[in-house]
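Enquirer: Below is the structure I would like to discuss, written out as structure tokens.
The values are calculated or read from the model by the stated rules, or taken from the named source; none is laboratory data. From a predicted model like this one, the values you see are computed outputs, not experimental measurements. Here the Cβ is made from the backbone with ideal geometry for all residues, glycine too, and neighbour counts use every protein chain on show. Quick note on the areas: whole protein, heavy atoms, side chains included, nothing else; ligands and nucleic acids left out. Shrake-Rupley method; radii C 1.70, N 1.55, O 1.52, S 1.80 Å.
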Amino acid sequence: MKSALAYNKDYAFNAICPYYTMFPLEYPLGIINKHRKNAPVVLDPFCGRGTTLYAARKLGFQAYGLDTSRIAAAIAQAKLASATIEDVMALAETLVAVAPKDVPNTAFFRKAFSKSTLVELCSLREGLLKARLSSEAAILRAAALGCLHGPLPTANGTPSYFSNCPASAPMRQIEGAAFRRVLVSS
């Protein structure tokens, strides 16, 4: 049996962050490949986390996408970015070295994160909001969102804690949404 692209390291960046309407990369690759001779320019007006855009770019075509979700747009932007791991890590180290101006002190954040982790996350957030638009910043933002997004949904349909799906535990959904706003708001 042929291995799914999701498990192929050449396509691993496509899975940077789980998202509630994900579909396999093979689907857009197959459709775009059928029209390869026409050199398509791909427009995805509801791009979500950018799987179709990623497929088009992997095949060497121009691709443009729109989405109303800033989280989805951040993930899609990162999937189209190009940077070395060393440059992304250097940016992360630079950003977390600066003390944040605002660290939430509510019960949720005290329970969810150790003080040092929360300070680093807030430093990262503030730094990314001020950082110039770059591939390194886009990848770092999406990687942070992917880590904070929570586990993938289980086979029995239980959504991840920070997913956009209706959660079985509404408070987790509200708290997760609040933190995503903290991370990506402008």
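Enquirer: For segment 114-150, which residues satisfy the criterion of being of a type in the set (Gly, Ala, Ser) and under 16 Å from Val98 (Cβ atoms)? Quick ask: steps written out before the conclusion?
Expert: Initially, segment 114-150 is screened for residues of a type in the set (Gly, Ala, Ser), giving 114, 116, 123, 127, 131, 134-135, 137-138, 142-144, 146, 150.
Once the filter is applied, which keeps residues that are of a type in the set (Gly, Ala, Ser) and under 16 Å from Val98 (Cβ atoms), segment 114-150 yields Ser116, Ser123, Gly127, Ala131, Ala137, Ala144.
Enquirer: Please determine, by comparing only the residues of segment 33-51 that are part of a helix (DSSP H, G or I) and not basic (Lys, Arg), which one is nearest to Ala142 (Cα to Cα). Write out each step before concluding.
Expert: Restricting attention to segment 33-51, the residues satisfying the condition of being part of a helix (DSSP H, G or I) are 33-34, 36-38, 51.
Imposing the further condition that a residue be not basic (Lys, Arg) reduces the set to 33, 38, 51.
Details: Asn33: 27, Asn38: 32, Thr51: 14 Å.
So the residue we want is Thr51.
Enquirer: Name every residue in segment 91-113 that is under 9 Å from Leu124 (Cα atoms) and among the aromatic types (Phe, Trp, Tyr), in order of residue number.
Expert: Correct list: empty.
Enquirer: At pLDDT 85 or above and either surrounded by fewer than 14 Cβ atoms within 10 Å (Cβ to Cβ) or within 18 Å of the chain's Cα centre (by Cα) (or both): is that true of Tyr27 in this structure? Outline the logic, then answer.
Expert: Details: at pLDDT 85 or above: yes; either surrounded by fewer than 14 Cβ atoms within 10 Å (Cβ to Cβ) or within 18 Å of the chain's Cα centre (by Cα) (or both): yes.
Spelling it out, Tyr27 is indeed at pLDDT 85 or above and either surrounded by fewer than 14 Cβ atoms within 10 Å (Cβ to Cβ) or within 18 Å of the chain's Cα centre (by Cα) (or both).
Enquirer: Tell me, which residue of segment 52-70 that is touching a helix residue (DSSP H, G or I) at 6+ places or on another chain (Cβ under 6 Å) and open to solvent by 10 Å² or more (accessible area, probe 1.4 Å) is farthest from Ala142 (Cα to Cα)?
Expert: Of everything passing the filter in segment 52-70, Leu59 is farthest from Ala142 (Cα to Cα).
Enquirer: Given the residues Ala83, Ala99, Ala137, which is the only one that is in a helix (DSSP H, G or I) and either touching a Lys or Arg at 6+ places or on another chain (Cβ under 8 Å) or among the aliphatic types (A, V, I, L, M) (or both)?
Expert: Ala137
Enquirer: Right, another one. Would you check which residues across segment 85-131 are of a type in the set (Ser, Thr, Tyr) and open to solvent by 50 Å² or more (accessible area, probe 1.4 Å) and list them?
Expert: Thr94, Thr106, Ser114, Ser116, Thr117
Enquirer: What's the total number of residues in segment 110-139 that are in contact (Cβ under 8 Å) with a residue 24 or more places away in the chain, touching a helix residue (DSSP H, G or I) at 6+ places or on another chain (Cβ under 7 Å) and not polar (S, T, N, Q)?
Expert: Final tally of qualifying residues: 10.
Enquirer: Could you look through segment 91-108, keep only residues that are free of Cβ contacts under 8 Å to residues at least 24 places away in the same chain and among the hydrophobic types (A, V, I, L, M, F, W, C), and pick out the one that is nearest to Cys147 (Cα to Cα)? Don't jump to the end; show me each part of the working.
Expert: Step one: of segment 91-108, the residues free of Cβ contacts under 8 Å to residues at least 24 places away in the same chain are 93, 103, 105-107.
Those still in the list that are among the hydrophobic types (A, V, I, L, M, F, W, C) too: 103, 107.
Numbers: Val103: 19, Ala107: 21 Å.
Out of the qualifying residues, it is Val103.
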